[in-house]
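Mind looking over this structure? Questions follow.
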Amino acid sequence: MPRAPFRASVAVMALGTMAIASCDPVHDSAVAALGDETPGVRQGPLHRAGQPCGTCHDGTVGNPRSFSVAGTIYVDEHDTTPAVDATVTLTSANGASYAATTNAAGNFYVEPAQFTPQYPMAVLVSYGAAFVRMSTLVGREGSCATCHHEPAGPTSAGHVFVPADGVTP
């Protein structure tokens, strides 16, 4: 009978450790800055298109599963149409590569067990006959929208897009 109080104590300590580990005001602020979920789109592979996936999917305690690389691809520069079934080929500095396919929201994601790049990383996106090769190497971050966000300007090239008509930008 003395084991029940011990088990309860272990459970309380585990919950307390998780609560403390998930209380990171900087992280919590970054997640809050993303805003609310899109109405009608539940959390999962189709949510938060165009947002920096690594903000939440960073592998810390209390968060969803970790992504080593993730992003959203569009067929136009105005973010209105997702590039469904586009292929995103990632090539690590050590020569290893991995190809991911976008889903119905234009999102793709790679878990660390599938591929963890060594930076700098090259990226090629192909969609039908069109393709875009990033002109610069990714040097630090696997969350595409950290750098590719709206509005386009001095700090961002805007969202990644590959026109559906086969014309490369």
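Would you pick out the residues in segment 9-34 that are over 20 Å from Thr60 (Cβ atoms) and either in contact with a His (Cβ under 7 Å, 6 or more places away or on another chain) or at pLDDT 50 or above (or both)?
Result: Ser9, single match.
State the number of residues belonging to segment 73-96 that are free of Cβ contacts under 8 Å to residues at least 12 places away in the same chain and more than 25 Å from Gly35 (Cβ to Cβ).
1
Filter segment 69-119 down to the residues that are of a type in the set (A, V, I, L, M) and surrounded by fewer than 15 Cβ atoms within 10 Å (Cβ to Cβ) and list them by number.
Ala93, Ala96, Ala99, Ala104, Ala113
Report yes if some residue within segment 81-99 is at pLDDT below 90 and over 18 Å from Ala145 (Cα atoms); otherwise report no.
No: segment 81-99 contains no residue that is at pLDDT below 90 and over 18 Å from Ala145 (Cα atoms).
Take Ala122 and decide whether it is touching a residue at least 40 places away in the same chain (Cβ under 8 Å) and surrounded by 14 or more Cβ atoms within 10 Å (Cβ to Cβ).
No.
State all residues of segment 124-138 that are at pLDDT below 85 and of a type in the set (Gly, Ala, Ser); if no residue qualifies, say none.
The answer is Ser135, and nothing else.
Name every residue in segment 51-67 that is within 29 Å of Val132 (Cα to Cα), assigned to a loop (DSSP other than H, G, I, E, B) and touching a Cys at 6+ places or on another chain (Cβ under 9 Å), in order of residue number.
Answer for segment 51-67, where residues must be within 29 Å of Val132 (Cα to Cα), assigned to a loop (DSSP other than H, G, I, E, B) and touching a Cys at 6+ places or on another chain (Cβ under 9 Å): Pro52, Phe67.
Applying the selection to segment 76-104, what residues are aliphatic (A, V, I, L, M), more than 21 Å from Gly44 (Cβ to Cβ) and assigned to a strand (DSSP E or B)?
Leu90, Ala99
From the list Ala70, Ala30, exactly one residue is touching a Cys at 6+ places or on another chain (Cβ under 8 Å), touching a residue at least 24 places away in the same chain (Cβ under 8 Å) and not in a loop (DSSP other than H, G, I, E, B). Which is it?
Ala70
Let me ask something else. Residues to consider are Ser135, Ser126; find the one that is part of a loop (DSSP other than H, G, I, E, B) and of a type in the set (S, T, N, Q).
Sole residue among the options that is part of a loop (DSSP other than H, G, I, E, B) and of a type in the set (S, T, N, Q): Ser135.
For segment 105-123, give me the residue count where each residue is at pLDDT 95 or above, within 20 Å of Tyr74 (Cα to Cα) and in a loop (DSSP other than H, G, I, E, B).
Total satisfying the criteria: 0.
The values are calculated or read from the model by the stated rules, or taken from the named source; none is laboratory data. For clarity, every value in this text was computed on a predicted model and none was experimentally measured. Reconstructed Cβ throughout: ideal geometry from the backbone, glycine too, with neighbour counts over all protein chains shown.
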